[in-house]
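Please read the structure below before turning to the comments.
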Amino acid sequence: MRAILISFWVLILLQEPIEVERVFEDSPICVDVDSWGNFIQSVINVESNDNDSALCKKENAVGVLQIRPIMVREVNRQLRKSKIDLKYTKKDRWSRDKSIEMFELMAHSIECSDTLSFIEMCEITARKWNGGHRGDQKKATVGYWNKVKKELVKLGY
């Protein structure tokens, strides 16, 4: 068995299937599983109103997290770069679990520090999810973050 740490995730690569465990304790940011789950649910609510079958033909975005083909390619690129033998397909965008895995794998690329609060990390993650690698620096993603933040408040954060 080989374990690989990816920020918030440890991917334990077995023969089949691949098991994924959250490991928030190893993050520079202290966050409990419920808070992270509420953040993901907030993004899901904004992206698809919690609809696993959501489809935006105009953007070719599908599933609960409205994933585009370019995001699948980017996640796979990061996996190859980390020498992880795992590959997602466009069909995987329709799976809630696989969509969340892709979201969290993208979240690992965020550089964290001891001074970054949980809500600041959520903002950076949400804005990058919406606007790409430099999305947290784009004014166009501020409105998206405000929607996610509003959903977080509804969920009690």
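The values are calculated or read from the model by the stated rules, or taken from the named source; none is laboratory data. Fair warning: this is a prediction, and the values are worked out from it, not measured in the lab. We place every Cβ from the backbone using ideal geometry, glycine too, and count neighbours over all the protein chains shown.
Within segment 77-112, the set of residues being at pLDDT below 95, among the polar types (S, T, N, Q) and not in a loop (DSSP other than H, G, I, E, B) comprises just one member, 78. Of note, residue 143 does not satisfy the criterion of being more than 15 Å from residue 35 (Cβ to Cβ) and surrounded by 14 or more Cβ atoms within 10 Å (Cβ to Cβ). Inspect all residues belonging to segment 117-127 and state whether any of them is touching a residue at least 60 places away in the same chain (Cβ under 8 Å), closer than 18 Å to residue 148 by Cα and in contact with a strand residue (DSSP E or B) (Cβ under 9 Å, 6 or more places away or on another chain). Within segment 117-127, not a single residue is touching a residue at least 60 places away in the same chain (Cβ under 8 Å), closer than 18 Å to residue 148 by Cα and in contact with a strand residue (DSSP E or B) (Cβ under 9 Å, 6 or more places away or on another chain). Mind checking whether some residue in segment 38-55 is modelled with pLDDT under 95 and either in a loop (DSSP other than H, G, I, E, B) or over 18 Å from residue 105 (Cα atoms) (or both)? The answer is no, given that none of the residues of segment 38-55 is modelled with pLDDT under 95 and either in a loop (DSSP other than H, G, I, E, B) or over 18 Å from residue 105 (Cα atoms) (or both). Among residues of segment 129-157 that are free of Cβ contacts under 8 Å to residues at least 40 places away in the same chain, those with a Cβ under 7 angstrom from a residue that is of a type in the set (Asp, Glu), sequence gap 6+ or separate chain, pair up as 145/123. Note on segment 81-104: among residues that are closer than 14 Å to residue 47 by Cα and without any contact (Cβ under 8 Å) to a residue 60 or more places away in the chain, the one that is nearest to the chain's Cα centre (by Cα) is 99. Of the residues making up segment 62-80, those that are over 14 Å from the mean Cα position of the chain (by Cα) and surrounded by 20 or more Cβ atoms within 10 Å (Cβ to Cβ) number 1.
Going through segment 136-156 one residue at a time, which ones are outside any helix (DSSP H, G or I) and under 15 Å from residue 49 (Cβ atoms)? Residue satisfying the conditions is 155 alone.
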